[in-house]
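Peer 1: Can you read through this structure? Questions will come right after.
Quick note: the coordinates plus some simple rules give every number you see, no bench work behind them. These numbers were taken from a predicted model, which means no experiment stands behind them. Because the Cβ atoms are built from the backbone with ideal geometry, glycine has one as well, and the counts that use them run over all protein chains shown.
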Amino acid sequence: PRLIQIDAETHPVCRAAADPGEATQIAAHEMDGLLVRLRALSDKPRVIISHDTPQEVAEQVAVHVHRLAQGSGAVAEPPALSTSRTRAFLSAVLAIIKPELWIFGHWHTAWQGQEGSTVFRGMGFQESFVLPLPWNPISTA
């Protein structure tokens, strides 16, 4: 398949949760099933677009966001970033797929970095950009 959609809005978790974010994450058994499907792919996706980002990247973005909030003065390190089931899942996706590019939102600030061979690009609030691709994403070949 050329496109695999993983979206909490189309796979809502319908249950009450102490953590409001918990109710927006796909269920653990669905994550497990998706990881099985991703491991079986012979043609791995080259680009991933998601709301949040793998835990190891989220930690880097959290430092960036914290420093922006502190201004240009001396910057204390931010408190440790807690993980979520979704970020742990996305870390597993990263380990399996290793895409060339991963675009994400959630943090509302522009950010770019690299983890392994994957370039990560965080979208800023109301930001848009043109992304020239070295391949034709519409091609069916």
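Peer 1: Using the per-residue mean of other Cβ atoms lying within 10 Å as a proxy for protection, in what order, highest first, do the peptides 29-37, 119-127 fall? Numbers along the way, then the final one.
Peer 2: Working: 29-37: 13.3, 119-127: 15.0.
Highest mean packing first, the order is 119-127, 29-37.
Peer 1: For the stretch 95-111, take each phi angle, set θ = phi - 60°, evaluate the Karplus expression 6.51 cos²θ - 1.76 cosθ + 1.60, and give the result in whole Hz per residue in order, putting x for glycine and proline.
Peer 2: Residue by residue, the stretch 95-111 yields 5, 7, 8, 6, x, 6, 9, 10, 9, 9, x, 6, 8, 6, 8, 5, 7 Hz.
Peer 1: Once you place label points 7 Å from the Cα toward the Cβ at residue 41 and residue 108, how far apart are they in nm?
Peer 2: Those two pseudo-labels are separated by 3.1 nm.
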